[in-house]
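The values are calculated or read from the model by the stated rules, or taken from the named source; none is laboratory data. All values derive from a computational prediction rather than experimental measurement. Positions of Cβ are generated from backbone atoms using ideal geometry, with glycine treated the same way; all protein chains shown enter the neighbour counts.
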Amino acid sequence: MVVNSYPQALTIAGSDSDGSAGMQADLHTFFARKVYGASVITACVAGNSYGIHASVPMPTDFIDQEFADLAADYHIRAAKTGMLADSELINDVVKNYQKADFGPLVVDPVIMTKHGNQLLEESAFNTLRTALLPLATVLTPNFYESEKIAEMDITSAADMVKAAHKMQQMGAKNIIAKGSHAETDQTEVRDFVLLESGEEFWLSEPYHQTDRVNGTGDSLSACITAELAKGTPMKRAIEIAKQFVNTAIGSPIEVGHKFGPVNHWAAQDRDY
């Protein structure tokens, strides 16, 4: 037996008690893509399908120990971040990631909801943009996060391309800028991808009218992370992640009363 030969990936995120998003969605995705998942818990969130009702951040010395223990034993081949609550936490994660050898980093910025509501205070956003974003091997902003990070309105495909280039100039190597979900007669979701090589292209999948979409962004970034941990080339990893999430949204499961999770089981056996 070769020690640590099985592909391993890391999620650096909060724990969502209802299992629909955050660290749980990441671990569901790692499992579905046949990658062993480890975690650095940054916060614990109490919530259900109706909403989030309480949260408690982890002390930074505990987070430091999580990083140290994983680095001392496991061979993490790719890592991703989820929601990081404040500047102190962002800086602590940056410090620890730079000390460890955890492979490429996928940054799900978790600044704005898919409906345009801001999740981070402005000071924490500025820290994320200046300290974490330059470490990103892959950056996966949603439509409103692209507008926020690039400091521009996006009203056309050309604007999306411009925003992606601006974000790449800030230090992120590869960008997948997710399209808007705001159109009432929407039939597809188009995402723009800009690779470190300079290659750029659009990805399109059918739009599904459903409220079973919790964990969509987490699962996309986690799927990219899992594929990179297996050694999948960057472009292919992004393509697989887009298809994986679309399958998970398109085959909903009835969990909870209101806003439910995507269905990772529907996607796990597909040969993308």
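Of everything listed in (1) part of a helix (DSSP H, G or I); (2) touching a residue at least 12 places away in the same chain (Cβ under 8 Å); (3) under 19 Å from the mean Cα position of the chain (by Cα), the single unmet condition for V161 is (3). Across region 164-191, which residue is surrounded by the fewest Cβ atoms within 10 Å (Cβ to Cβ) among those that are of a type in the set (A, V, I, L, M, F, W, C) and outside any strand (DSSP E or B)? Among them, the one singled out is A182.
Please count how many residues of region 192-212 are of a type in the set (D, E), at pLDDT 90 or above and part of a loop (DSSP other than H, G, I, E, B). First the steps, then the outcome.
The first filter runs over region 192-212 and keeps only residues of a type in the set (D, E), leaving 196, 199-200, 205, 211.
Filter again for at pLDDT 90 or above, leaving 196, 199-200.
Pick out the ones that are also part of a loop (DSSP other than H, G, I, E, B) and you get 196, 199.
Residues that pass the stated criteria total 2.
How many residues does region 1-13 contain that are closer than 16 Å to P57 by Cβ and modelled with pLDDT under 95? Steps first, answer last, please.
Here is the first cut: in region 1-13, the residues closer than 16 Å to P57 by Cβ are 12-13.
After this cut, where a residue has to be modelled with pLDDT under 95 as well, the list is none.
Total satisfying the criteria: 0.
Looking only at residues of region 55-88 that are more than 16 Å from the chain's Cα centre (by Cα), under 14 Å from G22 (Cβ atoms) and among the aliphatic types (A, V, I, L, M), we find that the one that is modelled with the lowest pLDDT is V56. The criterion of at least 2 residues that are in contact with a Phe, Trp or Tyr (Cβ under 9 Å, 6 or more places away or on another chain) and crowded, with 18+ Cβ neighbours inside 10 Å is met by the following strands (runs of 3 or more DSSP E) wholly inside region 1-107: 8-16, 36-48, 76-81.
Conditions (1) of a type outside the set (S, T, N, Q); (2) within 30 Å of N48 (Cβ to Cβ), marked per residue:
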residue	(1), (2)
Q209	no, yes
C223	yes, yes
L228	yes, no
P233	yes, no
R236	yes, no
E239	yes, no
A248	yes, yes
P252	yes, yes
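Only a single item in (1) at pLDDT 95 or above; (2) within 19 Å of E239 (Cβ to Cβ); (3) crowded, with 18+ Cβ neighbours inside 10 Å is not met by V161, and it is number (3). The condition of being crowded, with 21+ Cβ neighbours inside 10 Å and either at negative phi or at pLDDT 95 or above (or both) holds for only one of I149, I253, that being I149.
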